[in-house]
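> One structure is given below, represented as structure tokens, and several questions about it will come after.
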Amino acid sequence: MIEVLAGASYKDGITMHTKNFKATFKERYDQPQLKKIRGQFFTILYGVLKNFVLIIVLLCVLFYFWNYYRQTTAVFLTIIIVIFILFEIRYSIVKNLIHNYTSWRKYHGAEHKIVGAFYRVQGSGQKKYLANVNNIKKESITDVNCGTSYFILFIILLLISFIFHIVAAGVLLLFIIILSQIIKSKSNTYLEKVFAILLWIQRHTVVSEPTEKELKCGLKALEVLMSEEGHPQEEIEAVRNALKQIDENIKMQQFT
């Protein structure tokens, strides 16, 4: 049984993962790709270390510009915005311009909707909730456990701490990344009130309402994970039923 469900989004697909497995489905795939992942400790450690080099580089760039342009607030704020873009849209705006950014936001929103619907089923016991794709569409495109919220929090704190000391900013960034890696593996419904403003920013910058195409990718990955983790057949069939509805809707749209 899945205890913790999380995800990652791309310009053309979604990865859903548990503590034990991750399943990726992209537009060009016929079947989801399933992989066994490391233990939770190593997953968190890897999530921190893979960003550490980028952290150092970004801090060096900040330090360089701060020395030469410390009197120019506009330049400093521009650098902060660039960092936000590089971290949160996975360089897609740099590499593939607006099209991929828009597509990624939809997959990101679909990822959040599916995770939200899954946890609603686990909390309420409504095993057939996922069987109706309209229920999934009603879920929120924002997620308090998304790393975006923690990065936005870092940006706010960085504006305060960087003025006083570059080291404080570095330590703060490392703390936020570690915190996000740990908290993303837990359910934190009460944090939504605390992060209300951050979720508003998240909604208007890194997520958007998905179409059924994006939802299909996430549900395909979820179906594989539920089967692998030994979920009741009734819950798995509910996901398959939602996928059938999406396929039927897509076919109808093609003929209209």
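Each reported figure results from applying straightforward, stated rules to the coordinates on display, with no laboratory input. Nothing here was measured: the structure is a model prediction, and the numbers come from that model. Cβ coordinates were reconstructed from backbone atoms using ideal geometry, including for glycine residues, and neighbour counts include every protein chain displayed.
> If you go through the stretch 12-38, how many residues are outside any strand (DSSP E or B) and touching a strand residue (DSSP E or B) at 6+ places or on another chain (Cβ under 9 Å)?
Going through the stretch 12-38 one residue at a time, the tally reaches 9.
> Another question, if that's okay. Among (1) surrounded by fewer than 16 Cβ atoms within 10 Å (Cβ to Cβ); (2) at negative phi; (3) out of contact with any Gly (no Cβ under 8 Å at 6 or more places or on another chain), which single condition is E209 missing?
Single failed check for E209: (3).
> Okay, moving on. Under 6 Å by Cβ, and 6 or more places apart or on different chains, what pairs join a residue from the stretch 235-252 that is crowded, with 19+ Cβ neighbours inside 10 Å with one that is not in a helix (DSSP H, G or I)?
Once the first residue is crowded, with 19+ Cβ neighbours inside 10 Å and sits in the stretch 235-252, its partners that are not in a helix (DSSP H, G or I) give E235/K127; A238/K128.
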